[in-house]
Structures are given as structure tokens and as C-alpha cells.
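So the structure is just underneath, and the comments pick up after that.
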Amino acid sequence: MQNSIRYTTISTTIEISKNVEIGRLIGRKGCNIKPIEKGTDYKYRDENISPWEWINKAIFQVDKLLEDIEIRNRKKI
């Protein structure tokens, strides 16, 4: 019996407010995005967790990051 591996791509779009600077979202040298990327990377994934749970985790982390940036922007004004 031959093993087969299937690759699928799941795309999710997160709307970013116009007042959020993309550079702040990504962070210096990717310091904000890399932990999200690493935490949702396939090779680090626990096989008992569904892909949808990983996607939801990433969405939550990005939303939290956007919220933090917006709070910091409001404090500057």
C-alpha cells in the first residue's frame, strides 16, 4: 500500500484598519509576526489539533496585535 500526502492551502483574510501602520503590525525584523508564523507552522503542529484550531489561534493573535497597536496609537493622540 502506497502512502500519499496531500497538501492543501487554507486562506484567511483579516481586515486591517487604515490607521494601523503595516510596519508596526509586522514589527522590527518581523518580531510580531514571527511568533504567530512559528506557532501555526505545520511542522510544529500537534497532530491532535485541527487545522481550523490553528487558523483560529493565528486570527486571535493577529487581532490582539492589531488591538494593541490601535491602543498605542490612541495614547499618542
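Does the stretch 6-27 contain any residue that is out of contact with any Ser or Thr (no Cβ under 9 Å at 6 or more places or on another chain) and modelled with pLDDT of 80 or more? Yes; the residues of the stretch 6-27 include at least one that is out of contact with any Ser or Thr (no Cβ under 9 Å at 6 or more places or on another chain) and modelled with pLDDT of 80 or more. Restricting attention to the stretch 28-64, the residues being surrounded by fewer than 10 Cβ atoms within 10 Å (Cβ to Cβ), at pLDDT 75 or above and part of a helix (DSSP H, G or I) number 2. Which of the residues belonging to the stretch 65-77 are at pLDDT 80 or above and farther than 19 Å from Thr12 by Cα? Across the stretch 65-77, the qualifying residues are Asp68, Ile69, Glu70, Ile71, Arg72, Asn73, Arg74, Lys75.
The values are calculated or read from the model by the stated rules, or taken from the named source; none is laboratory data. Computed from a predicted structure; not experimentally measured. No Cβ is skipped: glycine too gets one built from the backbone with ideal geometry, and neighbour counts run over all protein chains shown.
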